[in-house]
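Quick notes on the structure that follows.
Derivation of every value follows stated rules applied to the coordinates shown; laboratory data play no part. The structure presented is a predicted model; accordingly, all values stated were derived computationally and were not measured. Here Cβ is always computed from backbone atoms with ideal geometry, including for glycine, and neighbour counts include all displayed protein chains.
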Amino acid sequence: MFLEIVTPDEKVFEGEVDNATFPGSDGSFQVLENHAAMISTLGDGDITYVRIKEKKPVSTHIHVSGGVVEVLNNKVTVLAEKIVSE
């Protein structure tokens, strides 16, 4: 599935991923290939996405402070309020 993460200032990531986990306002949730269409608000926490590189899973974490995520037709779009540097 295709994941795009943007803030008001920049495009943080775009590319194919195998799965992604989000800090929903009411708890974390995971999105996999062929997930049902949905829109959810994000709380403060880590977005984690996994890509397979050279047959090994590679996990990336991005800490966000609020936002919205939309899942539609194997495309996941994240409109993050702010990326928090750690």
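General remarks:
- Under the shape rule built on the C-alpha gyration tensor, where the axes satisfy a ≥ b ≥ c, segment 1-53 is oblate, since a/c reaches at least 1.5 while a/b does not exceed b/c.
- Contour minus Cα-Cα distance for PHE29 and ASP46 (0.36 nm per residue): 5.0 nm
- For ARG51, neighbours were defined as the other residues whose beta-carbon sits under 15 Å from its Cβ, and their charges (Lys and Arg +1, Asp and Glu -1) total -3.
- Length-normalised contact order of the chain in % [C-alpha pairs under 8 Å, at least 6 apart]: 31
- Proximity of backbone amide H atoms, modeled 1.01 Å from N, is registered between HIS35 and ASN74 at under 5 Å, excluding neighbours fewer than 5 places apart on the same chain.
- Phi-derived couplings, Karplus 6.51 cos²θ - 1.76 cosθ + 1.60 at θ = phi - 60°, listed residue by residue for segment 35-51: 5, 4, 4, 6, 9, 9, 8, 10, x, 8, x, 9, 8, 10, 10, 10, 10 Hz, with x used for Gly and Pro.
- Segment LYS11-HIS61, length gained on full extension (0.36 nm per residue, minus Cα span): 16.5 nm
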